[in-house]
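Structure, as structure tokens:
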Amino acid sequence: NSGSLNQAKVNIPVLKAEEVFRTIRHYFPDPDYRDYVVAYSGGRDSQVLLHIMAHLSEESGIRVRAAHFNHGLHADADRWQAFCEGICGELGIEIVCGIALDLSSVTANTEAEARRQRYRWLESISAPARVVLTAHHGDDQAETFLHHLLQGKGIAQMAGVQPVRPINHGSQVNLLRPLLDYPGETLQAFADDHQLDWIEDPSNRDTRLARNFMRHELLPVLHQRNPGIVDALNRGARACQIIRERENRLFDSLLDPFLRPELRGIFCRVDPLWFPDLCQMPEWVVAGLIRHWIHRAGLQSPGSAQFKQLSSLLKRGKEAKGVIDWDGYQLWVFRCHLYAVSYTH
């Protein structure tokens, strides 16, 4: 029985599982919808989420599949895949595994390209599911907010991890993070209580990486001074989310007149933008609209240096011409239009 659960190994409190399911139903209330994919790395967080969903598959009759993406970036990647397959076998959960294209030749951000490949693959294997669940939790949200704050990022970035969003631009498949309201220590306690095993990626301990430095060194110090620091950072993220939603509504209404869908080619991530008239607006509006246009394409906004370069190009008006590389895509300025083009297609 593919929906069976080994209760000797997993004894999840029904209340907690129901709370997670209540969160899922809040965002996707259709009672007839029963197909879910769990993005499953085999790490602690996704292990907790998979066990909760395995329990719900038995209790609620929903269909759950695990999706493991082998990035091939670590010597133990194949062993990790085998571990995930073994756990799913114990739980009676179907698992689908994907393998990344060769990332060794990627000259841009390898992690960003790996993430893009993973999300494209998750979308491709999700039918008939419309929901992919990931195990982001409250600590992840706090770290994201703090990371972007220290980098001097804007509201859109400090708004952090969204509870639900399309997995890729224009996709009918959604990413849902049902554990965002739980701190990491709650997931750790759950894993301990249920004696779960999980994969420890050694790269997650490398404090030379900014995110790991915050997680293992900075946040523990802040927590000693203020035990409520994670909640405080999450409140900051939620405040930014409210502002971002207001800005999105404003920029959506302002942006459409400048879009040129008839010029969109197969490599364009979003409809090209006619910029001569756009650039007649106040500078803060122009900057906000362009960043909003890039975000609508599911892309990361350029850094300050690249955005300054782009602004200089656009000020040349009809004479503007150039290409700017950023994080796995390019911005083309050509014949009074701005194009966002993926060079990883």
- Task: Using only the Cα atoms of region 245-345, build the gyration tensor, take square roots of its eigenvalues as a ≥ b ≥ c, and label the shape rounded, prolate or oblate: rounded if a/c is under 1.5, else prolate if a/b is larger than b/c, else oblate.
- Result: rounded
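Which whole-number percent is the relative contact order of the chain (Cα, under 8 Å, 6+ apart)? Show your work: numbers first, answer last.
Details: 493 pairs, mean separation 50.5, N = 345.
Rounded, it is 15 percent for the chain.
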- Of the accessible area of region 213-252, with the probe set at 1.4 angstrom, what percent is carbon plus sulfur? 54
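Can you give the FRET efficiency to the nearest 0.05 for Glu18 and Asp256, using r as the Cβ-Cβ distance and R₀ = 56 Å?
On the way: r = 42 Å, r/R0 = 0.75.
Efficiency computed from Cβ-Cβ geometry: 0.85.
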- Query: How far is helix 44-60 tilted, in degrees, relative to the longest principal axis of the Cα atoms in the chain, given as a value from 0 to 90 rounded to the nearest 10?
  - Reply: 70
- Task: Could you work out how far helix 14-27 tilts from the main Cα principal axis of the chain, as a 0 to 90 degree angle to the nearest 10?
- Result: 20
- Message: Starting from 0.36 nm per residue, how many nanometres of slack lie between Leu149 and Arg249 once their C-alpha separation is accounted for?
- Response: 33.7 nm
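Given 0.36 nm per residue, what is the gain on full extension from Ala189 to Arg225 after removing their alpha carbon distance, in nm?
On the way: separation 36, 0.36 × 36 = 12.96 nm, distance 2.28 nm.
Working it through step by step, the gained length comes to 10.7 nm.
Counting only heavy atoms of protein chains, what accessible area per residue, in Å², does the chain have with a probe of 1.4 Å?
Details: 17660 Å² over 345 residues.
Normalised by residue count, the accessible surface of the chain is 51 Å².
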- Any chance you could give the angle, 0 to 90 degrees and rounded to 10, that helix 77-91 forms with the longest Cα principal axis of the chain? 50
- Query: In terms of the Cα gyration tensor, with a ≥ b ≥ c the square roots of its eigenvalues, is region 189-236 rounded because a/c is under 1.5, prolate because a/b exceeds b/c, or oblate?
  - Reply: oblate
- Item | For the chain: lysine pairs under 27 Å (alpha-carbon distance), excluding those fewer than 8 apart on one chain | 4
- Message: Could you derive backbone 3J(HN,Hα) for region 181-190 from the dihedral phi with the Karplus parameters 6.51, -1.76 and 1.60 (θ = phi - 60°), listing whole Hz in sequence and x where the residue is Gly or Pro?
- Response: 7, 9, x, x, 5, 5, 5, 5, 4, 4
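The values are calculated or read from the model by the stated rules, or taken from the named source; none is laboratory data. Small disclaimer: the values here were computed from a predicted structure and weren't measured. Here Cβ is always computed from backbone atoms with ideal geometry, including for glycine, and neighbour counts include all displayed protein chains. Just so you know, the surface numbers come from the protein's heavy atoms only, side chains and all, with ligands and any DNA or RNA stripped out. Shrake-Rupley method; radii C 1.70, N 1.55, O 1.52, S 1.80 Å.
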